[in-house]
Each structure stands twice: as structure tokens, then as C-alpha cells.
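Just below is one structure, and these are the notes that go with it.
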Amino acid sequence: MSVPEYVRAFRHILGSAGIVDDPQRLTTYTTDQRQLATGSTYAVLKPATTEQVADIVKLAVRLGVGLVPQGGNTSYCGGATPDTTGRQVIVSLERMDLIREVDPLSMSISADAGAILKNVQDAAASAGLLLPLSLGAEGSCRIGGNIGTNAGGLSVVRYGMTRDLLLGIEAVLPDGTIVSDMRKLRKNNTGYDVKQCFVGSEGTLGIVTGAVLRLAPFPTRRSTAWLKLAQGGSLAELLALVRRESGELLTTFEFMTARAIALATAVMSNPPSVGAGPGGAVLLEFASSSRHLDLDGLMEAVLSEAVESDWVEDAYVAQSGNQRASMWELRETIPEGEKRWGGSVKHDISVPLSSIQRFLDVAGEQVRNYRADLELSVYGHVGDGNLHYNVLVPHGTDRIEFMRLIEGSLSLWLYDTAAALGGTFSAEHGVGRFKRHLLEKYGDAGRIAAMRRIKTAFDPADIMNAGAVVRPFEPESIR
Ligand code: FAD
Ligand code: 2HG
Ligand code: ZN
């Protein structure tokens with residue numbers, strides 16, 4: 001069959017509103033958000049219902065067409081971008097964006113997989129509840145993409161990652177079978193937890209079409225502080241102190257170096273003048289739905305203990321909603337600041353909390369030994385042991401060439417250091433197409449074999465997002 005015949009066959013299922021084949025309109029879907037990879041496709045399919053998803057998957061199997069699920073296309077590892085063969089077709093969930101139900105007593109929300117995260121948060125908030133998944137891309141990423149990458153973000157320290165919030169799922173398997181398990185149950189020990197297979201699978205095991213997510217009471221009170229860290233203070237010990245004294249009220253513990261902060265303030269119209277100490281800065285937040293807790297009093301007590309311990313030089317507690325918002329804006333603008341600087345080579349490192357300081361010390365030494373003039377933008381969700389250890393592209397240097405150079409040398413030193421400390425090369429951004437070689441290099445052989453068995457069981461023909469994460473076994477090697 002020719003390309004126009006494929007397009008006609010998909011249009012027959014989806015109608016004209018359900019397919020984009022105008023080459024000009026395809027480009028926003030075929031390049032990843034960091035503009036590192038441009039794939040090729042002749043169509044973007046936009047189903048409007050789960051049944052349509054099942055029908056296009058069945059047709060794709062019959063025609064031998066590869067499918068690449070896409071949500072908001074905000075991910076970092078090229079998993080939502082087709083390859084360059086021109087044989088894969090994108091399945092965008094953007095027309096499936098309904099909030100299906102908010103159930104305040106069960107504290108759950110169900111939504112189509114194409115719903116934008118911010119819209120799901122807002123729907124929960126209007127019922128007085130919190131969807132505790134929060135990230136800088138929340139205005140454009142979609143629930144299916146959050147599940148696909150097991151997104152983390154800014155309140156994992158309290159609420160966990162997407163995996164921890166998922167109660168139920170609806171998904172289409174690579175042969176067109178619909179898995180319909182949109183239950184709101186906290187307890188359901190009835191065999192394998194199939195929904196978890198889709199979490200972090202980056203579109204390789206099927207297409208998620210709906211999800212039920214766990215909600216939390218909406219925090220009516222928050223206390224937000226900015227801590228300037230002293231030289232030589234221990235981040236892990238500071239975090240342990242804060243955790244111990246704040247109980248379950250801690251929602252955010254975000255670390256930033258002065259350089260990362262400067263990148264953000266350079267692009268903000270009205271940046272707060274909070275700054276960093278010699279050890280960097282921490283954005284700390286406590287939140288509670290209770291009207292009876294004195295969060296600011298607790299924050300003051302915790303901060304004075306931290307200052308006494310010599311880990312913190314100075315600290316400010318936000319005195320208004322505006323002050324809080326601008327502290328948050330500063331943190332969330334760092335990725336944009338890096339972009340406007342001219343880009344960075346990103347390392348989404350995770351190490352056990354007890355090794356954070358060791359990682360920072362060894363990695364800092366490695367960067368200095370590699371090239372003393374390199375600048376770093378280091379920040380991240382230290383409450384979860386996750387550092388974004390990014391190397392800025394020097395001005396006047398070609399971004400892609402620099403990235404290739406660093407990724408073939410310094411990046412491997414950094415990943416070796418993380419691995420030696422029991423850490424990983426991808427904390428929250430996934431594997432996608434860009435980090436497959438790292439999975440092969442650093443992944444446990446048995447674990448990779450198990451992943452390939454799962455992939456083979458779900459998708460032996462490699463219809464779903466071929467080229468991302470792992471390959472299935474060849475049929476003869478399964479036995
Ligand atoms: P996409 O990029 O469209 O897709 C991601 C992967 O999921 C792809 O492999 C795709 O094939 C698959 N997929 C998409 N939809 C489906 C579906 N319906 N069914 C099956 N598979 C699917 N990430 C974090 O974890 N924490 C952060 O703090 C964070 N901050 C960010 C800040 C900024 C400014 C930006 C640009 C990104 C940030 N990210 C962060 C990364 C990104 O936002 C997340 O990975 C997000 O979860 C991706 O969602 P998406 O809808 O854009 O997915
Ligand atoms: C964040 O924490 C995101 O802001 C982006 O995960 C990280 O751009 C990055 O390196
Ligand atoms: Zn992050």
C-alpha cells in the first residue's frame with residue numbers, strides 16, 4: 001500500500017478532524033521540545049475515543065505501521081518523537097482531554113489520557129482537593145505522558161511520583177485489546193498490577209487512554225521559605241532535620257546553586273531578590289489542609305534550628321502569596337533560563353540521599369579536571385535524591401557539537417560516579433530514544449532481560465514506539 005492509501009484507511013476510522021497530514025502542520029509533532037531530534041512521519045492520528053484508539057491500533061498491526069504515542073511533547077529523552085524512517089505514525093491524545101469524574105469522598109479523579117495536567121489539577125481544586133503532581137510543564141504536559149514517563153516534579157518528597165498516584169487505568173494494548181480498569185480502589189490484590197506496567201513504559205507497551213488518580217486534601221495553608229546555605233553544610237542532614245521536625249508537612253525541598261538561580265533571574269521580568277549562600281539555596285515548603293496548625297510558627301522554629309546548626313546562613317519566610325509565587329517562579333524558570341542562555345547538557349542524576357554530598361564533591365572535581373572553565377547549572381529535587389546536574393553550553397560553541405562531545409566523555413564520568421554511589425543516569429526523565437545506550441551500559445543485565453520479556457509479551461511485533469527504551473526479543477530467542 002502507498003502512503004496516501006494508509007492515510008485514507010486511517011481517515012476512514014477517524015474522520016477528517018482526526019488526522020493531520022499537511023507537512024507544515026506535522027513539524028510541531030516531529031521535533032522534541034529541546035530540538036535535539038527531528039523524526040519523520042506522514043501523519044498524526046488524533047483519535048477522539050478509546051474505541052477509535054483500538055481501531056487504529058488494529059489497523060496499524062494489519063498494515064505493519066509503527067505507532068508513537070504523544071501527549072504534550074514536553075519530555076526530555078526523545079520518547080515522543082518518531083524515528084527518521086518515515087514509517088512510524090504519531091498518535092496524539094490531544095482530542096481526548098475530558099475530565100470524566102471527580103469523586104470527593106473517594107478522593108479520586110478520572111480523566112482522559114489527553115487531559116492537560118493543569119486542567120486536571122484545576123478540576124480537583126474546584127472540588128476542594130489537590131492532585132499532588134506538580135511540574136514546570138504542567139500547562140502543556142498530559143496525563144498519558146505523565147504516566148508514560150512516571151513524572152516526578154516538585155512535591156514527590158510528600159506525595160510520591162505518578163506511579164504512587166495511579167489508582168486505575170484504561171489502555172489499548174498493541175493488538176487493539178482494551179484494558180478497562182478505571183477503578184478507584186486503594187486495595188485490589190487480584191493478581192498482577194497491570195496498570196503499573198504502563199507507568200514509565202514511554203509508549204512502548206500500549207496507549208493509555210484514561211486514568212484514575214489519587215487526590216489529597218487541598219492545602220489551605222502553606223509556609224514557604226528560602227534558605228541561603230552556608231559553605232560545607234550537609235544537604236542530607238539539613239533535609240533530615242527538616243523532615244524530623246516538620247513531620248508529614250514537608251511538601252518541597254528544592255536545591256539550587258547560585259548559577260542556576262542567576263540563569264532564571266536573567267529571564268524573569270520581576271525576580272525576587274533572594275539569592276543564594278555559598279552552598280546554594282533551598283526552597284522549602286510546608287503545607288496542610290488543617291486550619292488548626294501554625295505552619296509559620298513551625299517554619300520559624302525549624303529555620304532557627306537549621307541556622308544554629310551552621311548549615312544555613314540566612315532564611316526568609318514568604319510573607320504573602322505574591323512572595324511565595326515569585327520564589328516558585330524563580331525555581332520553575334531555571335530550565336527556561338538554561339534554554340535562553342544557549343542550552344545545557346543535562347544529567348538527571350539520582351543518588352541515595354546519604355550520597356548527595358559525595359556526588360556533588362566528586363562530580364565537581366570531575367568537571368574541574370575535565371575543563372576548568374565549564375559552568376554548571378545544578379538544581380533539583382534533593383528531597384528525592386534527584387539532581388539536575390547540567391553543564392552550560394559555552395557561548396560561541398555549537399550546542400549540538402558540544403553536547404555530543406560532553407555526552408561521550410564527561411557525562412560518562414558523572415554517570416559512573418552516580419552508579420558507583422548506587423545511583424542512576426535517569427531519575428525522572430526516562431530513557432526514550434536518547435538514553436538507550438545508557439540503559440544498556442548501566443542497567444542490570446537481568447533487569448533488562450525482564451524488561452525485554454515484558455515488551456515481548458505485550459508487543460512482539462514492536463508496533464509501539466519501536467526504538468524507545470527496549471527492543472523485544474526476536475521470536476526465536478524467546479524460547
Ligand atoms: P510526551 O513528551 O508527549 O511523551 C512522553 C512519553 O510518554 C513518550 O515516550 C510517549 O510515547 C509516551 N506517552 C505519551 N502519551 C502516552 C499515552 N497516552 N500512552 C502511552 N504512552 C504515552 N518531568 C518530571 O518528571 N519532573 C519535572 O519536574 C519536570 N519538569 C519539567 C519542566 C519543564 C519546563 C519541561 C519542559 C519538562 C519537564 N519535565 C519534568 C518533563 C516532562 O514534562 C514530563 O516527562 C511529562 O510527564 C511529559 O508529559 P507529556 O504529555 O509532554 O509527554
Ligand atoms: C525541573 O526539575 C525539570 O525543572 C527540568 O525536571 C530539568 O531541564 C532540566 O534539566
Ligand atoms: Zn526535575
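At least 2 residues being more than 16 Å from ligand 2 (Cβ to nearest atom) and closer than 30 Å to P217 by Cβ is the threshold, and among the strands (runs of 3 or more DSSP E) wholly inside segment 59-161 those reaching it are 99-103, 108-112. Just so you know, in segment 201-224 the residues that are assigned to a loop (DSSP other than H, G, I, E, B) and surrounded by 21 or more Cβ atoms within 10 Å (Cβ to Cβ) include one that is nearest to the chain's Cα centre (by Cα), and it is E202. Checked against (1) buried (at least 23 other Cβ atoms within 10 Å of the Cβ); (2) free of Cβ contacts under 8 Å to residues at least 40 places away in the same chain; (3) not hydrophobic (A, V, I, L, M, F, W, C), G144 passes all but a single condition, namely (2).
Could you tell me whether E285 is in a loop (DSSP other than H, G, I, E, B), at pLDDT 95 or above and buried (at least 23 other Cβ atoms within 10 Å of the Cβ)? No: the conditions fail for E285. With respect to the conditions (1) of a type in the set (F, W, Y); (2) closer than 30 Å to R62 by Cβ; (3) crowded, with 23+ Cβ neighbours inside 10 Å; (4) more than 9 Å from ligand 1 (Cβ to nearest atom), F198 lacks only one, and its number is (4).
Identify, please: which residue in segment 335-363 is crowded, with 18+ Cβ neighbours inside 10 Å, touching a residue at least 60 places away in the same chain (Cβ under 8 Å) and not in a helix (DSSP H, G or I) and is, among those, nearest to the chain's Cα centre (by Cα)? That would be D348. Quick check: is even one residue across segment 308-328 within 16 Å of ligand 3 (Cβ to nearest atom), modelled with pLDDT of 95 or more and not in a loop (DSSP other than H, G, I, E, B)? The answer is yes; a qualifying residue exists.
Among the residues of segment 400-411, those that are under 24 Å from the mean Cα position of the chain (by Cα) and crowded, with 16+ Cβ neighbours inside 10 Å comprise M403, I406, E407, L410, S411. Which residues, counting only those in segment 168-200, are polar (S, T, N, Q) and part of a strand (DSSP E or B)? Correct list: S180 only.
Can you find a residue in segment 304-318 that is in contact (Cβ under 8 Å) with a residue 60 or more places away in the chain, crowded, with 23+ Cβ neighbours inside 10 Å and either within 23 Å of Y159 (Cα to Cα) or among the charged types (D, E, K, R) (or both)? The answer is yes, given that some residue of segment 304-318 is in contact (Cβ under 8 Å) with a residue 60 or more places away in the chain, crowded, with 23+ Cβ neighbours inside 10 Å and either within 23 Å of Y159 (Cα to Cα) or among the charged types (D, E, K, R) (or both). For S246, the conditions (1) modelled with pLDDT of 95 or more; (2) over 20 Å from L376 (Cβ atoms); (3) not β-branched (V, I, T) all hold with the exception of (1). Checked against the criterion of being away from ligand 2 (no atom under 16 Å from the Cβ), crowded, with 20+ Cβ neighbours inside 10 Å and not aromatic (F, W, Y), the candidates G383, G467, G422 yield just one match: G467. Applying the selection to segment 147-182, what residues are buried (at least 24 other Cβ atoms within 10 Å of the Cβ) and more than 13 Å from ligand 1 (Cβ to nearest atom)? Passing the criteria: none in range.
A quick yes/no check of all residues on (1) aromatic (F, W, Y); (2) in contact with a Cys (Cβ under 8 Å, 6 or more places away or on another chain); (3) under 17 Å from G280 (Cα atoms):
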site: M327; (1), (2), (3): no, no, yes
site: E332; (1), (2), (3): no, no, yes
site: P352; (1), (2), (3): no, no, no
site: F359; (1), (2), (3): yes, no, yes
site: N390; (1), (2), (3): no, no, yes
site: E401; (1), (2), (3): no, no, no
site: E407; (1), (2), (3): no, no, no
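Looking across segment 421-479, the residues that are assigned to a helix (DSSP H, G or I) and charged (D, E, K, R) come down to R436, E440, K441, R447, R452, R453, K455, E476.
If the condition is being of a type in the set (G, A, S), farther than 27 Å from G128 by Cβ and outside any helix (DSSP H, G or I), then segment 225-242 contributes A230, G232, G233, S234. Looking across segment 97-137, just one residue is within 14 Å of ligand 1 (Cβ to nearest atom), touching a Lys or Arg at 6+ places or on another chain (Cβ under 8 Å) and farther than 25 Å from V172 by Cβ, and that is P132.
Among residues that are more than 16 Å from ligand 1 (Cβ to nearest atom) and under 29 Å from E237 (Cβ atoms), E308 is included.
The values are calculated or read from the model by the stated rules, or taken from the named source; none is laboratory data. From a predicted model like this one, the values you see are computed outputs, not experimental measurements. All Cβ positions, even for glycine, are placed from backbone atoms using ideal geometry, and neighbour counts span all protein chains on display.
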